[in-house]
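Reading through the C-alpha cells given below for one structure.
Each value in this text was obtained by applying a stated rule to the coordinates, not by laboratory testing. The shown structure was predicted, so the numbers you read here are calculated from the model rather than taken from an experiment. Using ideal geometry, Cβ is built from the backbone for each residue, glycine included, and neighbour counts are taken over all protein chains shown.
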Amino acid sequence: MKLHRPANRHLALAAILLVLPFIIDALFGHGWVRIADFALLYIMLALGLNIVVGYAGLLDLGYIAFFAVGAYTYALLGSPQFGLHWPMWVTLPLGAIIACIFGVLLGAPTLKLRGDYLAIVTLGFGEIIRIFLNNLNAPVNITNGPQGISGIDALQVGGFSFGESHQWLGVRVDDVHLHYYLFLAFTLLVIFVSRRLEDSRIGRAWVAIREDEVAASAMGINTRNIKLLAFAMGATFGGISGGLFAGFQGFVSPESFSLMESIMILCMVVLGGMGNIGGVVLGGVLLVALPELFRHAAGPVQQMLLGKVVVDPESLRMLMFGLALILVMLWRPAGLWPSTQRRRELNTEEGA
Amino acid sequence: MDIFFQQIINGLVQGSVYALVALGYTMVYGILGLINFAHGEVVMIGAMIALAVLQALLAAAFSPVLAVLISLMMAMAVCMALGYSIERIAYRPLRNAPRLAPLITAIGVSIVLQNLAMMIWGREYHAFTLPFNSVSHQIGGAIVNDVQIGIVVVALIIMAGLLWLVHHSRMGRAMRAVAENPAAATLMGVDINRVISNTFMLGSALAAIAGFMVSVNYGIVHYYMGFMLGLKAFTAAVLGGIGNLRGAMLGGVLLGLIESLGAGYIGDLTGGFLGSHYQDVFAFFVLIAVLVFRPSGLLGEKLAERA
C-alpha cells in the first residue's frame, strides 16, 4: 500500500482511529480510554472556538459558557431533577439551539464594536452563567446549585445505550469505547463542517474580516452579520459538545465550567495553530494528554528532586498554560502547526 | 431609608476603589488602544505585597503608622516594576501585531500572575486588618467607619493629583500628545516608549493603592480577588467613556452605587427570587447596557473603530 497516496493515507488513518481505543486500553488501561473520550470532546470544543477565534478573529473568553448551556439543557431534560427523560435527539439539538440563541444575544450588541469589547463581555458572560448555575437552587430549585445534577441519562439512540457494555461477535465493547466512537463521529462531523465552511463564501468573508475589517466591509461584506454568524456557529458547536459531555459524565456541576476551562480551550486553538484544523486537533490532543502525564509526573519528580511536593501540580499546569500563551504569541504567533495561508501572510509582509 | 443611606455609603467607598482601578485601564487604553487584561491581577499583587510587608514590619515592632505607609510604598514600587515589565515583555513586542495577539498575551500574563500568587500565598483567604482602631460613626442612621472615610478621602486626593499631573505637568502633556497622535508626538521629540512605560507604571501605582484599599475595606486578601475587580473596573471605565480620565472616576463611583443599591434591593424587587449573591451580575448588565445604548460612555466623545 502506497502511503503517500491521499486515499490510502485516509484509509490508514481511519483504521488507526478505529482500533485506537483498544490499543490504548491494552497498553495503558481503561482510564486512558476515558481520557481519549475527553480529548475528543475538547477537540470538538476547540474546533468550535476555532471558528470564532481562528477564522473570524474574534476573541471569545467565555466559550465554556456555551458548553455549560448545552450541558445543563441536556441534564435538566434528562435526569431525575425534574423527572424528565427526553431522548437525546431532542435534548442535544435543543441545547445547541439555546446555546446559539445565547451567542446571538451576547454577540449582537458587542460585535458592532471593537473586538476587545467582545473579549471582556464574553469573559463576564462566562462568569455570570456560572454564578447563575451556582445560585439558581433557591427559592426555586432549578440547577441544584453547587451540588450539580447527577443521575443524568446516558446517551441513547433508539434502544441502544452508550452507557453500558455490549457484546458483539464475542468481543466485549465497553461504554468508554462506545463513547469514543460516538464522539469520534461527532468530531469528524465538526471537522467536515469546518472544512466546508473554510472554503465557502462565508469562510472567506471571515478571513477577510479578520485581516482587515474596513477593507472587508468596503468589499460589500456585512461585517456585523458575518461576525455574528461565526459567533453563533461557535456557540452551537459548544452547545452540542456540552450535551455530549453531560450524557457521558452522568453528572454536571458549575465547577466544570470555570474560566480556566475557557482559557484551556483557547490555549488549544492558539497553541495548535489558529485557523488550521489539523493544528487545533493537535493542540487539543496535546493539552489533554500533557497535563495528564504532568499530573502523574509533577508530584513524584518534585518528591525526587526536592524531597517534598512544593508546588501543587494543578497550579503549575495553569502557570504553564499562561506562559505558553505568552511565548507562542511572541515567537510563533501562528501556532505549532499554522495554516499554510497564515504562514504565507506572516512571511510576506511583516507588520502591515 | 436607613438601608438606602447605608448602601449609598458602601457604594461610594467601593466606587472609589473601582475608580482608581478604572483609571489604570483608561490611561492605557487612551494611549495604546489596548485593554490591559492583567491590570486586575496587578491590584491583587499590590494587596498581597502590602499585606506581607505590613505583617513583617509589625512583627519587627515598627510603629503602626510607619508600617502602613512603608507597606503601601513597597506595594506601589513592586506594582510599578510589575507594570513596567508586563508592558516590556508582553505588549511592546506586539505593538504592530494583529489586534488579537496582545489580547492573548494579556490573558497569559493574567493567568501567570494569578497562579504565581497562588503558589506563593496559597489558596486560602488572608485576613487584612489595619493596626489601628477604626471608630464607627453614626451619620443619619447609617454607620461609617474611619477606614471607609479614609478610603474616599485618599481616593479623592489621588484623583485630583492625577488630573493635575495629566493636565499640568510635562509628563502629562507628553501622555496627552501620544494619545492624540503618536506619530506627530514622535516628530515633536516625545519618546513614545518612555511615555507608555510611564503610563503603565502610573496605572500600576494606582492599582497598588486600590488593592490596599479594597483589602482593608473587606478585611481579606485572596489570590483570585483581582479578576472580578478588574472586570468591574473595566466596566466602570467603559461606563464613563473609556480613554477619558474624568469618565473613569465618574464611572467607578456610579458603578459602586449601582452595585450596592442593586444588591440591597434586588431581593425586594424580584420578590425574593434573586438575592444579594447576584451582586456580581450587575456590573455585567451595566456593561452590556452601555455597549448597546451608549458605546462611547457617559463622558466619552467618540469611540473610534480602529481596525
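Find, to one decimal place in angstroms, the Kirkwood hydrodynamic radius of chain A, where the mean of 1/r is taken over every pair of different Cα atoms and then inverted.
On the way: mean 1/r = 0.0468 Å⁻¹.
Its Kirkwood hydrodynamic radius stands at 21.4 Å.
Would you mind counting up the charge near B:Val286? Only other residues with Cβ under 14 Å from its Cβ, with Lys and Arg at +1 and Asp and Glu at -1. Spell out each step's value before the answer.
Details: positive: B:Lys232, B:Arg294; negative: B:Glu259, B:Asp280.
Around B:Val286, the charge tally is 0.
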Fluctuation leader among A:Gly31, A:Gly275, A:Gly148 - chain A, Gaussian network, Cα springs under 10 angstrom: A:Gly31
- request: Evaluate peptide A:100-113: per residue, the Cβ atoms of other protein chains within 10 Å of its Cβ; return the mean as an integer.
  value: 2
- line: Going residue by residue through region A:60-67, the Karplus relation 6.51 cos²θ - 1.76 cosθ + 1.60 with θ = phi - 60° gives ³J(HN,Hα) values, rounded to whole Hz and with x marking Gly or Pro, of 10, 9, x, 4, 4, 4, 5, 4
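Excluding A:Met260 itself, what net charge comes from residues whose Cβ is under 10 Å from its Cβ, given Lys and Arg +1 and Asp and Glu -1? Could the numbers behind the result be given before it?
Numbers: positive: A:Arg317; negative: A:Glu261, A:Glu314.
Its environment carries a net charge of -1.
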field: Span-rule helices in chain B, defined as complete DSSP H runs reaching 27 Å or more along the axis (Cα) with Kyte mean at least 1.0
entry: B:2-32, B:39-59, B:64-86, B:100-121, B:146-168, B:192-218, B:245-269
statement: Listed with the fewest Cβ neighbours within 10 Å leading, A:Ser258, B:Ser71, B:Ser215, A:Ser241 appear as A:Ser258, B:Ser71, B:Ser215, A:Ser241
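Quick one: if the Förster radius is 45 Å, what FRET efficiency do A:Leu84 and A:Ile23 give, using the C-beta to C-beta distance and rounding to 0.05? Mind dumping the intermediate values first?
Details: r = 39 Å, r/R0 = 0.86.
Computed FRET efficiency for A:Leu84 and A:Ile23: 0.70.
What average count of beta carbons from other chains do you get within 10 Å of the Cβ of residues in B:278-289? Numbers along the way, then the final one.
Details: counts 4, 1, 4, 6, 0, 2, 8, 2, 0, 7, 9, 1.
Average per residue, whole number: 4.
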Phi to ³J(HN,Hα) by Karplus 6.51 cos²θ - 1.76 cosθ + 1.60 over region A:278-287, Hz, x for Gly, Pro: x, x, 5, 4, 4, x, x, 4, 4, 6
statement: If each part is reduced to its alpha-carbon centroid, region A:52-126 and region B:250-272 end up apart, in Å, by 27 Å
query: When the gyration tensor of region A:25-71 is built from Cα positions, what are the square roots of 5 times its three eigenvalues, in whole Å, from largest to smallest?
result: 28, 13, 6
statement: Long-range amide H partners of B:Ile220, meaning residues 5 or more apart or on another chain whose placed amide H is closer than 5 Å, are B:Phe128
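Within a Cβ distance under 15 Å of A:Trp168, other residues only, what is the Lys/Arg minus Asp/Glu net charge?
Details: positive: A:Arg172; negative: A:Glu164, A:Asp174, A:Asp175.
Neighbour charge sum, excluding A:Trp168 itself: -2.
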statement: Residue-ordered couplings for region A:218-227, obtained by feeding phi - 60° into the Karplus form 6.51 cos²θ - 1.76 cosθ + 1.60 and rounding to whole Hz (Gly and Pro as x), are 5, 7, x, 7, 7, 4, 5, 5, 5, 5
- request: Just grab the label-to-label distance for A:Phe251 and B:His277, each label 7 Å out from Cα along the Cβ direction, in nm (one decimal).
  value: 2.0 nm
task: Along Cα→Cβ, 7 Å out, is where each label goes; now give me the distance between the ones at B:Ala59 and B:Phe132 in nm to one decimal.
output: 2.5 nm
Computed helical MRE - 222 nm, chain B, DSSP H runs ≥ 4 contributing -39500 (n - 2.57), nearest 500: -24500 deg cm²/dmol
query: In deg cm²/dmol, rounded to 500, what helix-only [θ] at 222 nm does chain A give when every DSSP H run of at least 4 residues adds -39500 (n - 2.57) and the total is split over its residues?
result: -23500 deg cm²/dmol
